[in-house]
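Notes follow the structure.
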Amino acid sequence: MKYDTSQISKYIQIAKKKHKEGNLFQANEIYKKLINQKIYSYDLLISYGLFNREINNLKIAKNLFFLCIKKYPLIIKSYILLAEILREENNFNDALKTLFAAKKIDKSNSDIYYNLSITYRAFKSFKDSLLSIDSAIKLQPQNQIYKILKADILTESFQNEEAEELLTNLKLPKDSFLHFQRKILISKLLINQKKYTKAEEVLLNLKKLVNKDKILYLTLSDLYFKNNELEKGIFILKEGINNFPDFIPLRFNLGIMYRNLGLLELSIKTHIEILLKDQFNSNSFYELSTMYDFSNHEEQLKTLLNIETEKLSQLEKIYICFSKANIYHLKKDYIKSTYFLKIANEEKIKLQPSDLRRKLNTGQHYRKIKINNKPNLEKKIDINRYLFIVGMPRCGSTLLESILSLNPEVKDMGEVFFLEESLMKNDDLIDIKKLYDEKVSLIGSNKKIYTDKNLFNFLYCPIIYNFFPNARIIYCKRNPLDNILSIYRTNFLNQSFTSSLKDITELYLYHLELMDEYKNKFGSIIYSYDHDKVVKNPKENIRSLINWLKWEWNDKYLSPQKSKRTVFTASSAQVRQKINSNSSGYWKKYDELLNPVRNLLSTCD
């Protein structure tokens, strides 16, 4: 039986009504009946596509929107709906292609630019994201949704002043969802500025008004994570999970917090729970692969190893390939581990080109800087003493900071960007320490000694020597081949030079050259800490460090695994183990992969 146009519209309306009433089966049967008769009206394809998207049948929804584009190529809505699904699947390249196709049809459609902006933002291409949202705002200058998105992009990319100005000028009804989003963004802005108490106040006041919102719980957990209040974070995440048991980002944050507190069994359990709800979750697979061999979860391991990486989005491919590399490393299958490491890093460098040149240029700038009028800084009146731990990533610095943190007078700040941020904020070097002190004061600690483990502070040794009275620099290093391999094996999305063995090696050699020079110039404040010597002979080498710091010796420094501190680095699982040399010499297992590295190192001997 064939339906005329009026009958088709009638049945679509009935299906929509059934859907709204929660009668999903009946709604689906009506839609299927129409589709099976090859009725492909625009309204039917869009309505049935939206129905399937809502019930999470994304494959069917995607096919319906594809068909809609084919049948009605000049109507923009189907392109945008398809791009939204592709984005949900982390298939950013195809989402962009779909939106570009729509843009060719209608360059004046502001929603296309809005969705382009969301897509660019999803994989941290903030420059393109801002250009796109500015185009949308230009077409619709009164659209407050567009302005909220722009403020979000500015906040996420740490363009705090521009974000603050935009949020201040937004006038929104207090009972609107956009007002809620504005408050969330204000809290994120305060978090960026490390004004954690004010951010918490904003969020808790919002929670009194809007208790049942998953983004509120997620933002609160991010605040507690960044302010190193993980117990508070775990409490709020458990409350959020109780209200939103199927919202995976809350569970993922919980797994991360457990790990950073050293509660590895709870972290593993949480990530396994995520995989039971989402069996292909690439983020949880990666987290698990760094601390667990899946010995009691063979089904999940089989799923991971059988995932066809060619069908994945770029981000998923990176995480899954690193996960497989880690598992094959544990299985001692170093050939397969190498294979997936190469794929992961090749994809990573496509997503974010290497930042090696920027680091080298920064190093050269401060290497050549002229400090003519060194201020008369009186060391005796300097209240805080700073220990700057410098070197390359994966050099053993997390173990070192754990050892130092066993001194009750030490506050371990971790990998903070205080020095770099202070240098960027002010051209007057005289004010650098004052700006740095202000950032430290926001931590709210009454300790006397602070460790700063931003390893790339080796680029700023002349600044530390000249402007930080009582500061000390601990230069952490290990076997170059082990160090370079470990960097390459770690998924550093915020350090893009790490995707290239050549770039890692070039920076490694540069840091050796720079630190040799600085040890000659500023040797009185620099201690060379050799990770390999420490793990082979802990007592002798740790005692040497403690003596250099003029601290009283205590055998507790030999048991850093007992430290209760939270650890936020890639070594957060390994540092919970007793001091051992298990990772020393691992480069020999990847002999073929590291051949080019050895050649580069040999030319500079």
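Points worth noting:
- Applying the set (1) over 21 Å from Tyr292 (Cβ atoms); (2) out of contact with any Phe, Trp or Tyr (no Cβ under 9 Å at 6 or more places or on another chain) to Glu273 leaves exactly one unmet item: (1).
- Pairs with Cβ under 6 Å, 6+ apart, first in segment 36-53 and within 14 Å of Lys70 (Cβ to Cβ), second surrounded by fewer than 19 Cβ atoms within 10 Å (Cβ to Cβ) and at pLDDT below 90: Ser41/Ile8
- Selection status of Leu276, within 30 Å of Leu429 (Cα to Cα), of a type outside the set (D, E, K, R) and over 23 Å from the mean Cα position of the chain (by Cα): no
- Leu189 vs. criteria within 20 Å of Lys207 (Cα to Cα), touching a Ser or Thr at 6+ places or on another chain (Cβ under 8 Å) and among the hydrophobic types (A, V, I, L, M, F, W, C): yes
- Where Pro141 falls short, out of the listed (1) surrounded by 15 or more Cβ atoms within 10 Å (Cβ to Cβ); (2) more than 26 Å from the chain's Cα centre (by Cα): (1)
- A single entry from Leu230, Leu178, Leu206 fulfils the requirement of being at pLDDT below 95, buried (at least 19 other Cβ atoms within 10 Å of the Cβ), more than 23 Å from Lys439 (Cβ to Cβ) and touching a helix residue (DSSP H, G or I) at 6+ places or on another chain (Cβ under 8 Å): Leu206.
- In summary, Leu351 fulfils each of the numbered conditions (1) over 22 Å from Lys226 (Cα atoms); (2) free of Cβ contacts under 8 Å to residues at least 60 places away in the same chain with the single exception of condition (2).
- When residues of segment 529-563 are limited to those that are within 31 Å of the chain's Cα centre (by Cα) and more than 18 Å from Ile473 (Cβ to Cβ), the one surrounded by the fewest Cβ atoms within 10 Å (Cβ to Cβ): Lys562
- Residue check: Leu237 meets all listed conditions (1) modelled with pLDDT of 95 or more; (2) surrounded by fewer than 19 Cβ atoms within 10 Å (Cβ to Cβ); (3) not charged (D, E, K, R) but one, namely (2).
- Residue match in segment 563-582 (condition: more than 24 Å from Thr338 (Cβ to Cβ), at pLDDT 95 or above and either of a type in the set (Asp, Glu) or touching a Lys or Arg at 6+ places or on another chain (Cβ under 6 Å) (or both)): no
- Exactly one residue out of Glu401, Glu421, Glu415 is of a type outside the set (A, V, I, L, M), surrounded by fewer than 20 Cβ atoms within 10 Å (Cβ to Cβ) and either modelled with pLDDT of 90 or more or closer than 24 Å to Leu501 by Cβ (or both): that is Glu415.
- Screening the candidates Glu265, Glu310 for the property of being out of contact with any strand residue (DSSP E or B) (no Cβ under 7 Å at 6 or more places or on another chain) and closer than 26 Å to Phe123 by Cβ yields one hit, Glu310.
- If the condition is being buried (at least 19 other Cβ atoms within 10 Å of the Cβ), among the polar types (S, T, N, Q) and at pLDDT 90 or above, then segment 41-92 contributes Ser47, Asn52, Ser78.
- On inspection, Ala199 qualifies as in a helix (DSSP H, G or I), closer than 20 Å to Leu218 by Cβ and among the hydrophobic types (A, V, I, L, M, F, W, C).
- Selected residue (criterion: farthest from Asn483 (Cα to Cα)) from residues of segment 499-556 that are part of a helix (DSSP H, G or I) and among the acidic types (Asp, Glu): Asp555
- Taking segment 281-311 as the range and being more than 20 Å from Thr490 (Cβ to Cβ) and either in contact (Cβ under 8 Å) with a residue 40 or more places away in the chain or of a type in the set (Gly, Ala, Ser) (or both) as the test, only Ser295 passes.
The values are calculated or read from the model by the stated rules, or taken from the named source; none is laboratory data. Remember, predicted model here, so these are calculated numbers, not experimental data. Please note: Cβ atoms are built from the backbone with ideal geometry, for glycine as well, and neighbour counts cover all protein chains shown.
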